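This report concerns only the one structure given below.
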There are 2 protein chains.
Amino acid sequence: MKAYVYVTLKVSVLDPQGQTIQNALRKMRFTGIESVRQGKYFVLTLAEGLTAEAARAEVEQVAKDVLTNPVIEDFTYRIEE
Amino acid sequence: MKAYVYVTLKVSVLDPQGQTIQNALRKMRFTGIESVRQGKYFVLTLAEGLTAEAARAEVEQVAKDVLTNPVIEDFTYRIEE
C-alpha cells in the first residue's frame, strides 16, 4: 500500500520560489502559464498488513505532525492499494 | 484550468532527504511507514482560453524543460478544468 501526501503553502502565504519559476517561464515565452505555486510531495510505502483504517490514521498523523508546518502549509493525501 | 505536476527522483536515485524523514519516523514510533521518498509538486494556473490540447502541450514542455532534471527525475502531471 502506498500513500501520497501533497503539501502546499496556504493560499495566504507568499511563495517566492513559485514566483521565481513563473518569472523564468515568462522570460522563456511560456505564455500559457499564469501562476506557479510550489509544494512538496511524499510517497510513503506502508507496512504490509495494515488495515485501511490504520493506514489512514497513521498517514494523517505523520502528515500533520512531521511533513507539514501547520502555520503556513496545508496537506492532502491519498492512499492507494 | 489548473495543472498539477509531480516530480519524483527516479527509482534508481538515492533519496537522502526521504531517508532522513524515514529515520525520524522510526524514532518517533511510526511503525506503519516502511519507506519515504520526497518529491516536488507544482500547481500551475493556466491562462484562460487555452484549448485542452494546447494546455497539455505547454504543461508537458514546461515540466520537461524547466521543472524536471531529466537525468535524475521523472514527472507526471494532470490537468483539471
Return the only residue of A:Val71, A:Val36 being outside any helix (DSSP H, G or I) and either closer than 15 Å to B:Tyr41 by Cβ or small (Gly, Ala, Ser) (or both).
-> A:Val36
Return yes when B:Ala54 is farther than 24 Å from A:Glu73 by Cβ, outside any loop (DSSP other than H, G, I, E, B) and out of contact with any strand residue (DSSP E or B) (no Cβ under 7 Å at 6 or more places or on another chain) and no when it is not.
-> yes
Residue that is farthest from A:Tyr6 (Cα to Cα), among those in region B:52-81 that are touching a residue at least 24 places away in the same chain (Cβ under 8 Å) and open to solvent by 90 Å² or more (accessible area, probe 1.4 Å) | B:Glu81
Can we say B:Val43 is out of contact with any Cys (no Cβ under 8 Å at 6 or more places or on another chain), assigned to a strand (DSSP E or B) and facing another protein chain (nearest Cβ under 7 Å)?
-> yes
Name every residue in region A:10-51 that is closer than 27 Å to B:Thr51 by Cα, surrounded by 12 or more Cβ atoms within 10 Å (Cβ to Cβ), of a type in the set (Val, Ile, Thr) and under 18 Å from the mean Cα position of the chain (by Cα), in order of residue number.
-> A:Ile21, A:Val36
If A:Val13 passes every condition in (1) outside any helix (DSSP H, G or I); (2) more than 20 Å from B:Gln22 (Cα to Cα); (3) at the interface with chain B (Cβ under 7 Å from one of its Cβ atoms); (4) among the hydrophobic types (A, V, I, L, M, F, W, C) but one, which one does it miss?
-> (3)
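The values are calculated or read from the model by the stated rules, or taken from the named source; none is laboratory data. Remember, predicted model here, so these are calculated numbers, not experimental data. Cβ: placed from backbone, ideal geometry, glycine included. Neighbour counts: every protein chain shown. The protein model used for the area step is the full one, side chains on, heavy atoms only, and it has no ligands, DNA or RNA in it. Shrake-Rupley method; radii C 1.70, N 1.55, O 1.52, S 1.80 Å.
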